[in-house]
Structures are given as structure tokens and as C-alpha cells.
1. Looking at segment 72-94, I want the residues that are among the charged types (D, E, K, R) and have a partner that is away from the ligand (no atom under 13 Å from the Cβ) and assigned to a loop (DSSP other than H, G, I, E, B) with Cβ atoms under 6 Å, at least 6 apart or on another chain. Which pairs are those?
2. Can you spot a residue in segment 179-191 that is closer than 30 Å to Lys115 by Cα and not in a loop (DSSP other than H, G, I, E, B)?
3. Any chance you could count how many residues in segment 195-240 are without any contact (Cβ under 8 Å) to a residue 24 or more places away in the chain and within 25 Å of Ala21 (Cα to Cα)?
4. Consider Ala154 against the criteria (1) surrounded by 17 or more Cβ atoms within 10 Å (Cβ to Cβ); (2) more than 9 Å from the ligand (Cβ to nearest atom); (3) within 18 Å of Thr232 (Cα to Cα): it satisfies all of them except one. Which criterion is unmet?
5. Only residues that are surrounded by 13 or more Cβ atoms within 10 Å (Cβ to Cβ) and either within 12 Å of the ligand (Cβ to nearest atom) or in a loop (DSSP other than H, G, I, E, B) (or both): list them for segment 165-178, please.
6. Given the criterion over 25 Å from Val91 (Cβ atoms), within 13 Å of the ligand (Cβ to nearest atom) and assigned to a loop (DSSP other than H, G, I, E, B), identify the matching residue among Gly228, Gly235.
7. Is it fair to say Thr158 is under 30 Å from Val118 (Cα atoms) and in a loop (DSSP other than H, G, I, E, B)?
8. Taking segment 26-64, which residues are assigned to a loop (DSSP other than H, G, I, E, B) and closer than 20 Å to Met3 by Cβ?
Amino acid sequence: MLMDQHLLIVGGTSGIGLALAEAAVDEGARVTIAGRDAGRLEEAVLAIGGDVRGESVDVSDEDSIKALFARVGPIDHLIATPGFDHSPALVAEADAAVVEKLFRTKFLGQYLLAKHAVSQLSESGSITLTSGVLSTRPAAGFAALASVNAGIEALGRTLALELSPRRVNVVSPGVIDTGKRFAHLEAAERTTKLQSTFGDALPVKRVGLPQDVAQAYLFAMQNPFLTGQTLTVDGGNSVR
Ligand SMILES: NC(=O)c1ccc[n+]([C@@H]2O[C@H](COP(=O)([O-])OP(=O)(O)OC[C@H]3O[C@@H](n4cnc5c(N)ncnc54)[C@H](OP(=O)(O)O)[C@@H]3O)[C@@H](O)[C@H]2O)c1
């Protein structure tokens, strides 16, 4: 169903977005990946191969988003997976500038991507945003990210009404091994640490892979009766 469809994956140069880009190209889609770093874009385009091109964008800048859609032209599906690395902090000790940057990138970035996608998005197409399991399963030190994630889920439900008949859904990943956690450790030690810190406690007894989450975006894009929903892919984290 994705054959010859044009997908724009903002955040497609790394982690979950990159795994989705690879899976979508395998299904015959035309894929444009977007991110800030030119080197990462070039590397990802080479790694994915096939019908893929790279475009530069900074989602914390509305003009950059407008320019992206002007360059990319008509699309069938928009997928947003922008991330923002930050150290956890208790609310009582939080740096407001870090919190603001997180909201600006992950919340406002996806909000504005949806705003400017509309003029280019097929009426039979879809938008899939990204939240995270912290929205429903809190952890001390992650209040800002939990709030951003909950906001994205509310945004997705509202956009499903506002952009109808286009469909809008949200994917909420749990702990996914994109290579960044415990990156300072040697490979075998890192795997052991990931398993003992996160995997052992999950009902599925392992952490997730980017490919596990990619399948949820593929489903959200292709199921014509699915809109306004959040698909949680967390190995059971939210029910344990
Ligand atoms: N991995 C997990 O365990 C996990 C768990 C729950 C939720 N999530 C969520 O899932 C999404 C993807 O996570 P990930 O781990 O795959 O992240 P990642 O590997 O860090 O990839 C993030 C992508 O977003 C791009 N990006 C970051 N800031 C951007 C900006 N201002 N403008 C445009 N692009 C930007 C990055 O490229 P550039 O840096 O070059 O711009 C990169 O392509 C994130 O929203 C994350 O919060 C992840």
C-alpha cells in the first residue's frame, strides 16, 4: 500500500525515524528524510539506499519548516520523530531554558510541522506524530518530557478532527535501543546493562528495537480506519 507513496520523515536520519525510512523504502515508498545535521543526512541517505533523498530542517524554527514544505512539495504521509537529548532533572531543580527548548523542539516542532504540512498533504494521507511512554507512566526527573508527550497525544486527537478526512495518529515508544543509552560502554557490556536496567523489568523481557516501533508507524499510515489514536509500543511497560 505504500508503493509509490511519498513519505516525509522528519527525524529520519537516526534511531526510530531511520528504521522507519528503511522499512518504508523496502515497501516501495518514495521517502524524504529531514533533520538538521548535513553529515547525518548524507550518511543516512547512503545507508538507506533506494528511492530516498535528504532535506535539511530545524523544527524549532517555523521559517525552516515552511521552507522545507516548499522544497518537498506534495506528500502522502508525514511522520515526525524529532528527539531532544537532555539530562533528567527534578522540577524543583529544573533549568527553564532546557524545558523551553524541549517544548520548542518536540512539542512546538511537531505542532508546526502539522500546520505547514496541510497544504501539501494528500486528502487520503496521514500524519503520525511521536510521543513516548512517559506520558502515561511517569518517572521522577522527566516531568517536562512526560508533559510534552501527553501534549503530543492531545494534539494528535485534536488534529484528527481538524484535518479530517486526513488521518492523524501518534506512536508512543517505550525504551528503545537506538545505540545512545550507555553509549560510553563497550558493546557486550552495554547490552548487559540495557537488559539489567530496563529489559528484565518489562513483560517482554527485553528492550525495544527501532524496527519494533517502525512497524507501528507503517500500520498507522496504512490502516484507513485508524485516526485520533495513540499506539503504544513499549514491551508492556505501561501495564506492569
Ligand atoms: N529511543 C527511545 O527510547 C524513545 C523512547 C520514547 C520516545 N522516544 C521518542 O521517539 C522519537 C525518536 O527518538 P530516537 O531515539 O529515534 O531519536 P534520535 O535517534 O535522537 O533521532 C532524532 C532525530 O530527530 C532529528 N532532530 C532532532 N532535533 C531536530 C530539530 N530541531 N529539527 C529537525 N530534526 C531534528 C535528529 O537529527 P538532527 O539531530 O541532525 O537534527 C534525528 O534525525 C523522539 O521524539 C523521542 O523522544 C524515543
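What follows draws every value from the coordinates through simple rules; no lab data is involved. It should be emphasised that the depicted structure is a prediction, and the values quoted were computed from it without experimental measurement. Positions of Cβ are backbone-derived with ideal geometry, glycine not excepted, and every protein chain shown enters the neighbour counts.
1. Cβ pairs passing all conditions: Asp76/Gln5.
2. Filtering segment 179-191 down to residues closer than 30 Å to Lys115 by Cα leaves none.
Scanning segment 179-191, I find no residue that is closer than 30 Å to Lys115 by Cα and not in a loop (DSSP other than H, G, I, E, B), so the answer is no.
3. Total satisfying the criteria: 3.
4. If we test Ala154 against (1) surrounded by 17 or more Cβ atoms within 10 Å (Cβ to Cβ); (2) more than 9 Å from the ligand (Cβ to nearest atom); (3) within 18 Å of Thr232 (Cα to Cα), just (1) comes out false.
5. Kept after step one, since they are surrounded by 13 or more Cβ atoms within 10 Å (Cβ to Cβ), are these residues of segment 165-178: 166-178.
If the condition is that a residue be surrounded by 13 or more Cβ atoms within 10 Å (Cβ to Cβ) and either within 12 Å of the ligand (Cβ to nearest atom) or in a loop (DSSP other than H, G, I, E, B) (or both), then Arg166, Val170, Val171, Ser172, Pro173, Gly174, Val175, Ile176, Asp177, Thr178 are the ones that fit.
6. On the way: Gly228 fails: within 13 Å of the ligand (Cβ to nearest atom).
One residue alone meets the criteria, Gly235.
7. Details: under 30 Å from Val118 (Cα atoms): yes; in a loop (DSSP other than H, G, I, E, B): no.
No: the conditions fail for Thr158.
8. Of segment 26-64, the ones assigned to a loop (DSSP other than H, G, I, E, B) are 27-29, 36-37, 49-51, 57-61.
Within segment 26-64, Glu27, Gly28, Ala29, Gly49, Gly50, Asp51 qualify.
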